[in-house]
Amino acid sequence: MRGLIQLARRYWLVLWRPSRYFSLGFLTIAGFVAGIFFWGGFNTAMEATNTEAFCTGCHEMRDNVYQDLRSTIHFSNRSGVRAKCSDCHVPHEWTAKMARKMAASKEVWGKIFGTIDTPEKFEAKRLMLAQHEWERMKSNDSLECRNCHQFQSMDFTRQSKRAVDAHSSYLARGEKTCIDCHKGIAHRLPDMSQADPQEVPVPRH
């Protein structure tokens, strides 16, 4: 144990002692190059966690919400543009993305302890899980929706009267955000009988 402490102390001194063999310029360039490799590796790992394969790697997601998504227009449509999980659940902005990744890390505990590892457990918690996500999206003004859908780019002439009325009033004035009206757009709605009446979305048809 004593030898281990001495070894650690020796390496600590080496790290903070001026270099005998390398110039300051070399050390600066080496540190810069190492930083590039670290940053590249970090971002590569982050992007890997945004892939559809990663998100559906556990059966809890693959057998439940992913199956919901497969039947919606976000998955298959005339333009061939598919929204993957991270498009709707992870903001694009770096700071918001990192905050979301850190918050989502607690889902690992759910996996370890089998919180929703059967269809029955998942259905029992579906409303609660949905409410947490709706609340999160409402608090950030549906930031993930705006990854793709921009109010400024909406063509009201190609929308139904009902959509125009909602978008040009509630959305334009900031009184409501996307998720207020578009719950159940990508995943089957849970049993809403136990939900607050204000959470129940107005039927779109």
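The values are calculated or read from the model by the stated rules, or taken from the named source; none is laboratory data. The shown structure was predicted, so the numbers you read here are calculated from the model rather than taken from an experiment. Heads up, the Cβs are rebuilt from the backbone with ideal geometry, glycines too, and the neighbour counts pull from every protein chain shown.
Assess whether T56 counts as being modelled with pLDDT of 90 or more, β-branched (V, I, T) and over 22 Å from H182 (Cα atoms). When the stated conditions are applied, T56 passes them. From the list S86, S76, the lone residue that is out of contact with any Ser or Thr (no Cβ under 7 Å at 6 or more places or on another chain), assigned to a loop (DSSP other than H, G, I, E, B), surrounded by 10 or more Cβ atoms within 10 Å (Cβ to Cβ) and hydroxyl-bearing (S, T, Y) is S76.
Take S160 and decide whether it is hydroxyl-bearing (S, T, Y), in contact with a Lys or Arg (Cβ under 9 Å, 6 or more places away or on another chain) and farther than 20 Å from C58 by Cα. When the stated conditions are applied, S160 passes them. Scanning the stretch 93-142 for residues that are exposed (fewer than 11 other Cβ atoms within 10 Å of the Cβ) and either of a type in the set (G, A, S) or in contact with a Leu (Cβ under 7 Å, 6 or more places away or on another chain) (or both) returns A103, S105, G114.
Does at least one position in the stretch 134-157 carry a residue that is under 15 Å from the mean Cα position of the chain (by Cα), modelled with pLDDT under 90 and closer than 21 Å to D63 by Cα? Checked the stretch 134-157: no residue is under 15 Å from the mean Cα position of the chain (by Cα), modelled with pLDDT under 90 and closer than 21 Å to D63 by Cα. Among the residues that make up the stretch 171-193, is at least one of them closer than 27 Å to S76 by Cα and either in contact with a Gly (Cβ under 6 Å, 6 or more places away or on another chain) or loosely packed, with under 13 Cβ neighbours inside 10 Å (or both)? Yes, the stretch 171-193 contains a residue that is closer than 27 Å to S76 by Cα and either in contact with a Gly (Cβ under 6 Å, 6 or more places away or on another chain) or loosely packed, with under 13 Cβ neighbours inside 10 Å (or both). W109 satisfies every condition listed in (1) among the aromatic types (F, W, Y); (2) at pLDDT 85 or above; (3) in a helix (DSSP H, G or I) except (2).
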